[in-house]
Structure formats: C-alpha cells, structure tokens
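Below is one structure, written out as structure tokens, with a few remarks after it.
The values are calculated or read from the model by the stated rules, or taken from the named source; none is laboratory data. Values in this document were obtained by computation on a predicted structure and should not be read as measured data. Glycine also receives a Cβ, built like all others from the backbone with ideal geometry; neighbour counts cover every protein chain displayed. Surface areas here come from the heavy atoms of the whole protein model, side chains and all, with no ligands, DNA or RNA. Shrake-Rupley method; radii C 1.70, N 1.55, O 1.52, S 1.80 Å.
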Amino acid sequence: MRLLHVNSNGSFELTRDLSEDKLPEYPYAILSHTWLTGDEKEVTFSDMMLGIAESKPESFAKIKFCGEQAAKDNLRYFWVDTCCIDKANSSELQEAITSMFSWYQNAEKCYTYLADVSVTAVREKPESKIDHSHSDVAWEPAFRRSKWFTRGWTLQELLAPKSVEFFSIEGTRLGDRNSLEQCIHEITGIPHRALQGEDLSNFSVADRLSWSEEKRHTKRREDMAYSLFGILGVIMPIMYGEGANALVRLRQEIDKKDEINEKLEESLSALPSASLAAFNSTSNQHKPTCLPGTRSELLRHIEGWIDGDDDSCIYWLNGIAGTGKSTVAQTIAMTYHNRRSLGASFFFSRGGGDVGNATRLITTLARQLADGIPATKRNICKAAMEQKDIATKSFQDQWDHLILRPLSKLKSRSPPSTMVIVMDALDECESQRDIGILLKVMTSARLLKNVRLRIFITSRPELWIRYDIGRIPEAEREVFVLHDISQKLVDKDLSLFFEDNFSTFREGRNIRPADWPGTRIIKRLVEISSGLFIWASIACRYICEGRMFAKRRVDVLINGYRSGEGPEKQLDQIYTTVLRDSIQQDYNAEEKKVLYQVLRQVLGSIVVLSSPLSMESLAKLLDMDLGDIQETLADLHTIFIIPSQTSLPIRLHHPTFRDFLLNKDRCSDLDFWVNEKQAHAALADGCIRIMSEQLKADMCGLKQPGALLKDVDQRQIEQCISPELQYACLYWVQHYQLSGMLVSDDDQVHVFLQKHYLHWLETITLMGKSSEMGAIIRLYHSILVPTENVRQLPWAKDVRRFFFAFQSIIKEAPLQTYCAALAFIPPNNELKHHFRHEMHPWIQDIRIVEGTAKAKDEFNYVNDLAFTPDSKRVASGSNPPVARLWDIATKRAVCQFEGPMDKISSVSISPDGTAIAGGSDDFTVMAWDIKTRAVRYTLKAHSGWVNSVAFSSNGKLLLTASMDKTVAIWDAVTGQELKRFDNQSSEVNSATFSPDSSLVATGAVDQNIRLWDISKGDTEVLHIKLDGHQGPINSVRFSPNGKHVVSGSDDMTIKIWDINSGTEFMTLKGHTRKVMAVTFSADASLVVSGSEDRTIRVWDATSGAQLQLLQGHTSGINAVVFSPNGRLLASGSFDDEVHLWNTKTWAAHGKLEDFDDDEADSSSDTSPVPQPLLHLAVPSSNTDRHIHSLLEKEEESDSASMTDSLDSRMWESARLSQPPTPAPVIKSRGHLGEVTCLVFSPSGRILASGSQDTTIKLWRRDGVEHRKLIGHSGAITHLAFSPDSQTLASASADHTARLWSSETGALLHTLADHSSAVLGVLFSPNSQLLASWSATDTSILLWNTTTGAVAAHITGHTDTITDMAFSPDSTLVASASADTTVLLWDTTTHTQRTLSGDASRVISVAFSPDGELLITGSADQYATIRLWTIRTGAPCGVPIRSDAPRLNCVSVSPDKTLLALCSTDETARLWDLETQSLKSLLKAGVEIRKVAFSTTNTINNQQLLETDRGVLDVNSFSSSSSSSVLPVSVPPADALFVTKNWVTRDMENVLRLPEEYLAKVVATSGEVVVMGHESGGLSFVYLRRSDEDTI
C-alpha cells in the first residue's frame, strides 16, 4: 500500500510500498468519491510518478482537498484510489482490490467527497439542529440523490471505516455517518446497526447482498462482484473480461464460505455445554440480586477490583453457608451483563446434573463467550474446529485453546477492555481435585494484555479451596471473607431485606398496621438470623406463605429461638419447623407413619437427585402417584422452588437443606431424617425399571441408519425420550454406586444390559451425552466384584470395548449402533453375536474377511512390562487374564501364567528371576514360579483393581497398590501381609519401591505423588507429598540412584522431582495426549515416556531436551521399560503389541510375536454365510411367517403409510426373534497386503481381488474364497473380466499381464512384452482382444486372448498413456495421452488417426454407446471436454468448458443428451449437450476415477452411472438451478455407492466405515457391496433392496 504525503516544497509525493505490519506507523486518511466520467480524467499512478498530476485539475482538486483535510485532522498521510495503485501491474491491482476493505477499515478518517452536492446557497445552520425527517436543509435533496449512493464500490467505503465524514463539492463538512445516520438509512436501507459499526459478520449474506442489489452499479460488470469482497468476507482471483461470470464465481465462493461457517458453527455447537449454568438461565433467572442500599461497600470493592489495572485476576468471595454469596454473584453478573462486559457465568449446583461438576465448565464458558461477545466468536469457533476433541483434553488445554488464545487475538485497545467471568458456589463442584486445577489454570488470565479478564468466584471457605487459593501468589488474587463484614453492616442489610419482603407481603394481603410486623419484630428476626441471609430468606417465605397464619408463624420462629446457639443450629431449627408445619396433626399414628415414610421418600429423592426432575418425572421414577407427590410438597414452597406446572423441575432454594436432611446429627427429628444410601437405592431401582420399560431400538423413529444427530430436531428427541428416561440413562450407575448395593450376576442390572445395552447407548447419544458414556461404563465396571460377577465382568469388558471402539461413529449417527458397530466389532466380542438380531433392517448381512495386517482391538492392551534380570526375557500383563512371557532373542512367545479372573494390570519379576507376580482387576495378586509355571500363592489383596505390583530390590518384599486407595506390603516368599496403609483416601494408579526399598512412591488419581517411609517397622510415615500435576498420575518411577522421582500424568507432562527438597526439578512437555508410562535409564541420564499420542519420547534427564521421538506403534503406549543391561527398551501399547528399540541407535529392534491363544481367533468373522435375517421370500420360522402375513396384508394398503410403519415392525420382529443358529462356516482370509483392485464378473457370480502381496483371489458372491491365483511377482495393479465372464485379465508391477480361467483358476497366458509396471488391461467387447499399457511405455499392446500372442503394437504417442477405450463393435481403440493427443486405431485395418486440439494432457476418453462419437477430457485449469465424430475425426461442436477443476473421467449417455464428468473436487456433473450447460451435480464425497452410463443396469427406466465406487442414480443429482433433489417415484434398489466414510444406497447413508475399514477399492453387484482395505481384508455388505423395505 502506498500513501500520499506533502513534501517540503508543498507538492504531493507517494511513499514506498508499505507492508501491512508497517502501516500502524503511518496513520492515514482515505478518500471516497465517484470517478469522473471518462476514467482518463482522473490522476493516475503514472501521472504522479511523472509529476503531471496538476494537468488534470478536476481530479487533482479532490486529491488536494483530501490532503488539506487530513492536515487539519493532524494526519500527515492520505490515500486516494485513482493515483495510489499502479493498475498496470496486475498483481498489485489484485492485491489492492482484495485488500481495499481493510485499507478503508484501518484508516483514521474517511472523507467522502460529493461532487454533486453543493452548499453555495445554503444558509448556515447548526448541524445538531438538523431534523432529517423533513427536508428543511437546502443540500439534503441533492445529498439524497447523490450518485455516490448508487455506486458499487462506495458501499464498503461507507461501512468499513471507523469514521466517515461527508463533504460538499466546496469542501464544506455536511456531517458524519453518525449524525446523518437516519438520512443514510432511508437512502440505502442499510440497518442502523450496520451504520453504527456492528461487525458485518453478524448480518446474513442475503442481508448484505440486499444492500447492493438493484441499488448500486459499477462501470464494469465484474466490479459488481469485486466490490463486495470485503462486505462478504470473500477473496477470489480477479479476472477482468469474465463479465457476469464474476457474480457466479462470487456465489460459489459464498457457498464455500457458508460451508466453512457452517462447519465453524457446528464445531462450536459440538462443545459440551451446561445449558443451565448461566446466571440468567431458566434455573437461575429468579435468583435474587442485592436490594438497593444493601451490600453497598462490598459491591464497590468488587467493582473497583474489576476495573483496576493490576495482575489480580481472581477474586474469591467466601463465606459460610447462607451468607448471601450467590446473591452477590447474581448481582455482579447482572451488572456487567447490562454493561456488555460479562464474558460468561457458571453457577454450580450439586445435584444439578451438568452444573454439579466441572466437566463442562470451560467449554460452557467458551460457548457463552462466543454467543455473548461477537468479537470472540470466530476465534473460538476456529479453536473448536482445530481441535475437535478439545473437550476430552485437560482443563489447562481447554482453557488455553478455547479461552486464552481466542481472547489474545482480539484487537488491542487502550486501556484494555474489561471482561468478567462469574463462577458461583465453587464448593458445589462435586470433584475437589478439579477445583485446584481450575484455580491454577485460570491464573493465566493475567497474561492477557489486550483484554482485562477478571474471574469472580464465590464459595464456602472449605479447607481444600482455602489451600488451593493460598497457592496463588497474593498479587494475582483478591480474597474477601463475607462473614468477616462487621455485624452492624450485616444487620443493616438484613433489616432492609426483611422490610422489603414484608412490605411486598403487606401490599399483596392488605395487612394492617402499615408497618407490620414492626421494627421490634424485625430487629428480633435479624438477631435470630445470626447473619445468615438464607435463614432470613427461608423465614420470609415461611411467614408469607402462611397467609392468614403469618402472624402465628412469626411467633413460632421467635418463640422457638434458643439464644447462644450458632448460625447452623438456627438454620436446622427453621428447617425442622417448616417440615413439622407441613404435616397435618389430625391424622392418627398409623397414618402419620405412612405420611412420614412418603415424605422421606420424596424429599430424600429430591435432595440426592443428580439432576433436578419435575413432579411428573419423579412420580414415574419412584413409581408413585403424582397426586401423592403434589400433596407431599404442597406446604414446602419455603424449601423448594415448586413450579405450578408439574412438568417443570423442582429445585432447592438453597443447598443447606440437603446438608441438613442427610445429616443425622443435624436433622434430630428422625421422622424426617433421610438415609442417603437407601434414597440412592430407590432411585437406582427406579432407573432400571424406567429404562427397561421405555428403551427400544430407534427411539426417535429416524428409520434411516445414516441419519446424523446434528440433523435431528431437538424437539423430536425431547418428545421421544422422556425426562425421567433421560435421567435414568445418565445416572443409574451413579445411584447404584452411592447406594452401596452389590450388583450380582443375573440380577436386574445384568438382565437390563443384556437386553437393552444397544438401546441405552443409542438413547444416550441422541441426548447428546455420548461424551459421558465412557465414564458411566467405567463406573459400572468398577462396581462389579469378581466373586459376585463371574459372568457379568466379561460382559462389562465387552461392553467397554464395544463403546470405545465405535463411540466416534455412534456419536455422529446414533443408529450406527445397529450397523457399523455390530458389523465391525471383532467376533470375539460377545456382543456381536448376542445382539446380532438387532442389526438394522436395511442391512441383510455383513461378512468381514480380515487381512493379515488387521488392526488390533485397542482394548486388548499390554498393561505393564518387566524384564528378567538377565535381559533375555520380558513379561507383560494384559487385558486377557494372563501374564505372558517372551524370548527376546527369537521374539517368540514362551508361555503364559493363568489364574486371575480379570485383566492383569501390573507385573513384576523378582530380582533373582525365579518368580513373577501379577496384580489383577479381580482384586487379587498371584505369584508364579517362572520355571515350573506353578502358582506360589494367591492373595486376596484388595477390594478394588490392583494397579501396581513390585518386588523390592532385595526380593524380600512385594508391594501392591489399588483403586481401593490402599497400599499393602507382603512377604515376597510366603505371601504373608506385613503392612497396609491408606493413600490419604486417593486411588493409586502407580506405585514403586525406591532402590533401597525404604520408600514407596505412589501416583494417585488426585494428581499427587506421595513418598511413604516404610523403614520404621510396623508404621509408615508420609515422607513428602509432591503436588504439581494437573491431572491424575499414571506412572511413577525412582531414579536408579534414588535421588529423583519421575512422573507421567493425564496433563500430558512428565515431571522430575528432587526427593530431598521435595521440589519440582523439571517439567518435560511435548506429548499431545495423556502420558501413560515413564522410566529412567540404568545410569539415570535418560527419561523415557510413552503416551496415548502413540509416541515414545527420550529425554535428557539433566537438561530436559528431547533427544528422540520413537514412532511405530499404531496405538497409545501403556508401558515402557529398559532392559537391565541397558541395551533395549521395550514398549507396550493398547493394541496388544510389544516393540523393542535399540538404545544405542534408537532404531526399531523388532516386534514380539502375538499370543494367538489368548482369546478366540478373530482373524475371520465366524458369522454364517450371508442370509437375510428375515427370510421374506420363503417363511421358515414363526417370525418369518408373521412378517410374511403382515406383508401380504399391506399389499392392498396405501404405500406411504406402509413405509412409515413397516420398518419399525420388521425391526421389532427381528429384535424379538431369537438369533438364528449359525450355519457351518468356511473360514477365509484376506490378502497379506493392501487390496489394490476389485471387480465383479459381468455375470455377478464371481469377485476378483488383487493385492500388493502379488496374489489374486476369486470369491463367491457369498464371501467365501473360491480360488487363489499365484504367479505374479509384483503388486497387482488392475483386473478385468472378459464380457463373457470366462476369463480374468490381470496387470502387475512385475511388467506382465496374465490371463486366467475364472472357472478353474488356471493360468492361460503370460503377456510379457512390457518394459515397466503394467497399469491397465481392457477386453474388447467381443472378448477377442486384450489391450494393456504400462507406466513408462508410450504405446499399447493388443493381445489375442485365444493364443496369447501380440495382435498389434499401437505407437504414436510421445508421452504416458492416461486412458483407453474400445468402440462398442471392437473395431476401434482410442487412447489418451499426456502428450495432449488422442489416437484412434482400427483393429481391422491396423491404421490410425491422431486427434489433436488440446493444449494440455488428455485424461479421459470414451465412446458413445452407439460408437458414433468419441468424448475426450483434458486437464486444463478447468475441465475441457471435446466431442469428435468417429467417421470423420472432426470436432463435433465447440469444446465444453466446465467450472470443474482437474478432470478424472467422462461418459456420454446412450441417447447422447447427457455428459457425465467427474473431477478431483469429489463432484460428478451432468452436462446438457443440447443446451451446452450444466444440468445438475452431485457432491459424491469421494473422487470418482471411472464413470460410464449403464446400458444394461437400469431401475424403473432411470439412468444409472457405473463408477469405480459403485452405482449412482442420475435422479439423485441436484439441479444446478436449485438445491432440491429431483423427485424419485420409487426408491432405486441397486444404486449402491461408497463414499470416503459411508456405504450408501441412492446416496442415502447406510453404513459408516471405521477408519481401519475405509474402502481403498470398491465393487458392487446388485444388492452387494464389496470393499477392499489397506489391511488386505475385504468387507462384503449385503443390503436389502429398497423395494423390500416398503413391500
């Protein structure tokens, strides 16, 4: 950008071209004007450079005006578009046009020079007195008619600058955009908000376009599009000469931008959010704010802190229960919301569901920031899109990524703008450890320089919060103790509170006297309240709800007061009073007993609920009459917020009632006291009952298996999934855990899961809570006890495996629970067979043939590793309940040690190498003799999962540590328990001995490392606690010299600690996911870490430098250990693999072989040969006959209603039927390398597959291997069947092509005249010839298929062959080449013609079905298609130039009216050959490399396209003039197609493909889709015909 300035002699001079980062050093003004008629009259860049600007006086006057006005405004520089841009330089012109909006936006002033507005005859009139509703200003009519308002370019000049001033031709100031706003609005129709400077992105594209359409014009048609770049936020290449096409391209760019914006919005909406967290949410909106005149001093103090400029970014307002903290928080939130400075708010509430924990805190704050402060929205959306799994990351990562970084990108202001975050009732957060992390994380708000971010927090002064706040440097926090406010001020505020409430009550009830209950009574009530606003609030409600008994209730409160008792006792007393008042006294003893029981049941349930429920839902959950609940709560409005509508949730007025009711010491009247465990038990049982009654497949009637959750109407979900069912699905496990009940095999929980697990998973996903499912399943697993759950524990493991394998797919499309998840789960998972009958009715069957390189189940992980002392063997714990031993030299399995009932989480080998110990999730520890494999002893060691076992260095002691929060020391020889101690009530993930065995280090879930001194005999002493991680500790190890401890954590960091000082020595950062394992090298010079990010990192233990990054695992790392001799590092991963690494070179040293006998062979799906789940054609069971009769009855009914109802009945019948007895299975295996090609024979009976492993396999249609063809020595590159299906041709990287008998598999001929890899083979339609071409040859070989001899050698091209085709009558061969030509070879005369005309490589060639036309496509900047007349070789019409980018393939329809072209942008386009225009397009979702109109395969006379990814129905393409899909009378049955991620039917998603089953190649035939995978495996998918869905 160049600027003008006045030089020393008074002339104008241009600056050098300034880069964007230099512009702030040159504040400038900018001119807006209309160009003179005839552009040559304007001063140009060239005129300025030649010094002849004054030769154009009319234009020069505008420049002079701008310079003089800038000088008046103390601006040295200014910019004028006519002369500051070198329009002769195309790149500079491009940059100027695309940057114009920002240039105007960054200008200090914009002067609008109106050459057609004069003020010569205007009398002076103060601008402030202009009334723009009347034309009483002489220049106003001219202003309204000004040409400036009709020009396209001036729209951005009006809206972009911060200041726009209008001047007449005489240079007289008329006003600015603010003072003339109403007039400008009337002229342009632009909304006031836009004229006031609101971000244009807040207006829809349609709105912004409407400001220019039909109102503004440009001299060149292209400029109408280019002038809108800044307004629409679009950039595209400038192409003068394209005319109206610029607007077409602009619309395409807008559509792309809309797609991006939609994705950004989706990313934001995908962030988990607690909808009831905000201060003004439905659950918080009625919370009181401070009355005028109360809390004045405190509020001034808080506001002073917020507006201050120090580093104190956190304000902690603490006070005991009931002192009014939430009221202050509500007031602050409301105040700064009204000032537009509230960034976000989160009001915690225990038992409030999502607002009861911190899981969604930061993501909720981010969404509120984005919605409430528009300037932050795009930055936060981008952040969410960049890291889609951010909600699963640590609080530190979430805070940095979603809050700090987006805020840091806001424009700086002086002084910085203030933004407030309010967090109320932090003590109500259910996880204490989360609080400490959050407080530490949020102190980084002080680092923001462009925004003053203040975080206001309230809580009770709980010990752990005081501790965490105390760790924040004093300069970064402000602390205010609410109950330390002088009693006089508190009493004054309480008096005002009572008076305000009683005043309202008096007016409403017309109570006399006018000052009732009088100053003396109010003073007495203030005294009784003991400074508690919650007591005052309850008292007021209790009194006022008494109505005619209000005066009596005042007396009750005053007379019941006992002086000398503390605030808590006063609170307990008033709660007891309210409860007793709710029980009518005219019942007999037996009736009262029942009343108390009902009261306890209802109140107990309400206070222990994990999320509020309505009376209706509570009644269903407790299996009670709604009237009974209404009657029970009728007189308890004092304690509960009870809506008049029974469908709305009941809430506590204050959490102190929960504290009171569940505490036997406080609730002294045992008629009211609630046994918390019993309350949880009742709710747990109610949850199971509700789910068993209401859950079913396809809860919301979506029907389509590919229906995306984001497209499902929330109202439909709420209608189909009742609130009580939603509650039950989320919290049933939690209630069982808190009830303390034992879950046993075959009980209602076990039965529920065996029947409804899939329905539960689907429903949780529909609710948008799939992110919580993992924690729920883990919690369920943790409450199982091995002795009571022999059958349920394996089931729980399979449930976890099922969910974790497919959660990402199910989260996207809930009904894939019954499709992809059931199809692709390994056969050794019991759920695959147990729920087989639940397969979605659109899917008939699926058969998976695994390749040797099959991806492993990540749940089947290696848990721990240990070397023998001689470094010759290594042992591991694993998910199968065995410890395993390998030989290092051979890398082969040696043996395994059996006995536990659940996975072995940890292993250790004794120092003498004779024993191995393993700790199991069945709570036991076993020790085996390594030589004999005999069990030495079994220890019932713990009451929770045993996560660590370790031998002491002298081999005398055995250490065990568990999730039961204890550590135990055992005699390693006898197994006798020597010592047990509590790990300060925190679950232990990892534990180890120090080298001298005097210390034990534990790494715990509470993020702390503890060093225990066990050398003091029978007692243990906490030596030191190391606190610094921000996530659970997964691994701890001592250094060999015992001076340091290394730890790895969920927070993705590794820390090294100094044991003597107890301080953090170093933090190592680099991993991008949880650090699961750490270890020291034998000389303590290195630290090695393994992470869920699939990497192993080697660090210098002294400097902290990362020395090596080891990659090779395909799954997360769960264990790392050095061999005792230091030569090797072993690493174990989640997918059950152990890798070895050479520690000198850090090169991979190999992988240990698999233990195939750990579990059932999973290499091949053992499902029966594909058969329909429901045999519709020939009923063979009661279920089938039932369905058959249903179908017969429906034949006469309306097809539309039939479609609506039948799917669900088919599904229900299938679900209720017993799984069919599996038929005998012939096991098949896939290839040893990636599948490179697939093709069905024309008859559809045989499928051929080729692989990188050099083999070809022939398969029956049912997925059973028929033949294996061996002969090639290189990868198979292409396969083709002869038209009569008798012969298969193969092309290979071994430079040969081969012909095989498809019936016998015999090799017929080897075709070996190529000099490089053969890329393609093609049979002539009469099967007599085979064409082949190779990678580097520029020629084609024609072979006689009978003799195998060369029939012809086609030469003439000078570059690579890109495509070829036979004419329908087999007489011509057309070849396309990178040399830009096409050759036509006559197979009968052996003559050839050359067709040329393209300027770039020809990519595709195809004959019309009648053989009269040849269609070629070339790789120009945009696809160019040419049609040639075969008879003459002449072009047929003009070339067709599509807007598609690089072309892949073309085809013409049988009637020669349509052209299909597919390109690299993953679209297929249909071109109307008669009108030479785009008819319709389809976003295929994958690149199509081969396409042809079908001449045989049609559906109801519809045209089909056969592609290398399946079949497309032309009717599924959308019109180029409308986004609607063309009507389909009958859904096609055979249009099966595979996108990148989906198997589709008529482009409707059916089956989502997991990552390891993405299709490299595809073949379809009728209702069968076959996919070849990178692993060498194949998937056979059998879909029901669409007419079967609606028979």
**Report entry** Eligible aspartates and glutamates near Lys569 by straight Cα distance, threshold 14 Å, same-chain separation 8 or greater
**Finding:** Glu527, Asp659, Asp665, Asp669
Report summary line: Here the FRET efficiency for Ile558 versus Glu631, based on Cβ atoms and R0 = 22 Å and rounded to 0.05, is 0.15
Report task. Counting only heavy atoms of the protein chains, get the accessible area per residue of segment 149-264 (1.4 Å probe) and round it to a whole Å² value. Result -> 44
Requested in this report: Among Ile528, Gly38, Val164, flag the residue with its Cα farthest along the positive direction of the charge dipole of the chain, charges on Cβ as +1 for Lys/Arg and -1 for Asp/Glu.
Outcome: Ile528
Report summary line: Most packed first (mean Cβ within 10 Å per residue), the peptides 811-817, 930-936, 249-255 order as 811-817, 249-255, 930-936
Report summary line: Taking 0.36 nm per residue of separation between Leu1307 and Ala475 and subtracting their Cα-Cα distance, the length gained on full extension comes to 291.1 nm
Query raised in the report: When the solvent-accessible surface of protein heavy atoms is calculated with a 1.4 angstrom probe, in what order do Arg800, Arg1489, Arg651 fall, highest first?
Result: Arg1489, Arg651, Arg800
Query raised in the report: Which value, in Å² rounded to 10, gives the accessible area of Ser1315 with a 1.4 Å probe and all protein chains present?
Result: 80
Query raised in the report: With a ≥ b ≥ c the root eigenvalues of the C-alpha gyration tensor of segment 711-853, is it rounded (a/c under 1.5), prolate (a/b larger than b/c) or oblate?
Result: oblate
Query raised in the report: If the cut-off is a Cα-Cα distance under 25 Å, which lysines reach Lys940, setting aside same-chain residues fewer than 8 apart in sequence?
Result: Lys797, Lys903, Lys931, Lys956, Lys965, Lys979
Query - Alpha-carbon gyration tensor eigenvalues x 5, square-rooted, for segment 909-997, Å - result: 21, 15, 10
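For the chain, what is the per residue volume of the convex hull drawn over the alpha-carbon atoms, in cubic angstrom?
In the chain, the Cα convex hull volume per residue is 255 Å³.
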Query raised in the report: So, with a 1.4 angstrom probe, what is the percent of accessible area on the chain that is carbon and sulfur?
Result: 49
Query - Accessible area expressed per residue, segment 311-449, with surrounding protein chains retained (probe 1.4 Å, Å²) - result: 36
Query raised in the report: Using heavy-atom solvent-accessible surface (probe 1.4 Å) with all chains present, what is the largest-first order of Lys592, Lys215, Lys449?
Result: Lys449, Lys215, Lys592
Report summary line: With all protein chains in place and a 1.4 Å probe, Thr1019 shows an accessible area in Å² (nearest 10) of 80
Report summary line: From the cross-link list Lys393/Lys696; Lys147/Lys215; Lys1069/Lys1151; Lys109/Lys411; Lys263/Lys710; Lys377/Lys710, the entries with a Cα-Cα span beyond 22 Å are Lys393/Lys696; Lys1069/Lys1151
Report summary line: Each label sits 7 Å from Cα toward the beta-carbon; between Lys872 and Ser1103 the label points are separated, in nm, by 3.9
Query raised in the report: Could you give the accessible area per residue of segment 519-583, probe 1.4 Å, as a whole number in Å²?
Result: 45
Query raised in the report: For segment 1010-1103, what log10 I(q)/I(0) values come out of the Debye formula at q = 0.15, 0.17, 0.18, 0.19 1/Å, with one point per alpha carbon and no solvent?
Result: -0.56, -0.70, -0.77, -0.84
Query - Rounded FRET efficiency, nearest 0.05, which uses the C-beta distance separating Leu93 from Asp176 and R0 of 25 Å - result: 0.25
Query raised in the report: How would Glu297, Glu676 line up by accessible area, probe 1.4 Å, largest first?
Result: Glu297, Glu676
Query raised in the report: For the chain, what does -39500 (n - 2.57) per DSSP helix run (n ≥ 4), summed and divided by total residues, give at 222 nm, in deg cm²/dmol to the nearest 500?
Result: -8500 deg cm²/dmol
Report task. Quick one: accessible surface of Phe923, probe radius 1.4 Å, all protein chains present, in square angstrom to the nearest 10. Result -> 20
Requested in this report: Only Lys, Arg, Asp and Glu count, each charged at its Cβ (+1, +1, -1, -1), so figure out the dipole size of the chain about its Cα centre, rounded to 20 debye.
Outcome: 2380
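Going by average Cβ neighbours within 10 Å, how do the peptides 1438-1449, 1332-1343, 760-771 rank, with the highest at the top? Intermediate results must be reported in sequence, preceding the final value.
Working: 1438-1449: 18.0, 1332-1343: 20.8, 760-771: 22.4.
In descending order of packing, they fall as 760-771, 1332-1343, 1438-1449.
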Report summary line: Working note, segment 769-847: Cα radius of gyration (Å, one decimal) and Dmax (Å, whole number) are 13.4, 42
